[in-house]
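The values are calculated or read from the model by the stated rules, or taken from the named source; none is laboratory data. Computed from a predicted structure; not experimentally measured. We place every Cβ from the backbone using ideal geometry, glycine too, and count neighbours over all the protein chains shown. For accessibility, only protein heavy atoms count, side chains too; no ligands or nucleic acids. Shrake-Rupley method; radii C 1.70, N 1.55, O 1.52, S 1.80 Å.
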Amino acid sequence: MALKNHIKMFLASSSENIGIARIAAAAFAAQAEFTISELDDIKVAVSEAVSNAIIHGYGEGYTGEPKEIEFTMNLYEDHLEYIITDYGQGIADINLACTPSYSRDPERMGLGFVFMKSFMDELAIESTLEQGTTVKMTKKIEHNRIH
């Protein structure tokens, strides 16, 4: 499938940038004429992925550099793809991390991956300890939506 559009952004690991990622994700998805509800789902999924990178990738216990999040958006004829990468602590057990209500931080609800999975059509997570995590989310596009 041919790539129709592509944006790559680098965000500092700061909670202030979650909103920027949300807005960018929605604006990018608007090219495919998603509904308001679908755009809201995309914004929540992207917010969760970026928040996880900030809180868990670069949060307590992280000592390395850089504290930067790579945010890639790809538009294809039949799907939209968001890829969020941090270069932080990584996830020891991805299956456990995807369990509803699991969080290393008892103050958190542990629903980030659950939301990503439920709001997007596909979710793939790759992680290596002390090297970081990549979350790839895909949203399918109904035919004839893209201008």
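Hey, can you tell me all the residues within the stretch 1-19 that are out of contact with any strand residue (DSSP E or B) (no Cβ under 7 Å at 6 or more places or on another chain) and of a type in the set (V, I, T)? Within the stretch 1-19, just I18 meets the criteria. For the stretch 18-37, a residue qualifies if it is open to solvent by less than 40 Å² (accessible area, probe 1.4 Å) and at pLDDT below 95, and the qualifying residues are A32, F34. Looking only at residues in the stretch 38-57 that are open to solvent by 20 Å² or more (accessible area, probe 1.4 Å) and among the polar types (S, T, N, Q), which one is nearest to E126 (Cα to Cα)? Filtering the stretch 38-57 for residues that are open to solvent by 20 Å² or more (accessible area, probe 1.4 Å) and among the polar types (S, T, N, Q), the one nearest to E126 (Cα to Cα) comes out as N52.
With respect to A49, is the statement that it is among the small types (G, A, S) and modelled with pLDDT of 95 or more true?
It is true that A49 is among the small types (G, A, S) and modelled with pLDDT of 95 or more.
Going through (1) open to solvent by 20 Å² or more (accessible area, probe 1.4 Å); (2) modelled with pLDDT of 95 or more; (3) charged (D, E, K, R); (4) within 21 Å of L11 (Cβ to Cβ) one by one, R108 falls short only on (2). Counting only residues that are among the hydroxyl-bearing types (S, T, Y) and in contact (Cβ under 8 Å) with a residue 24 or more places away in the chain, which one in the stretch 36-86 is nearest to T128 (Cα to Cα)? Ranking the qualifying residues of the stretch 36-86, first place goes to T85.
The residue that is modelled with the lowest pLDDT, among those in the stretch 87-104 that are closer than 13 Å to L129 by Cα and open to solvent by 70 Å² or more (accessible area, probe 1.4 Å), is D93. Residue selection: I7 satisfies the criterion of being of a type in the set (V, I, T), within 20 Å of T85 (Cα to Cα) and surrounded by 13 or more Cβ atoms within 10 Å (Cβ to Cβ).
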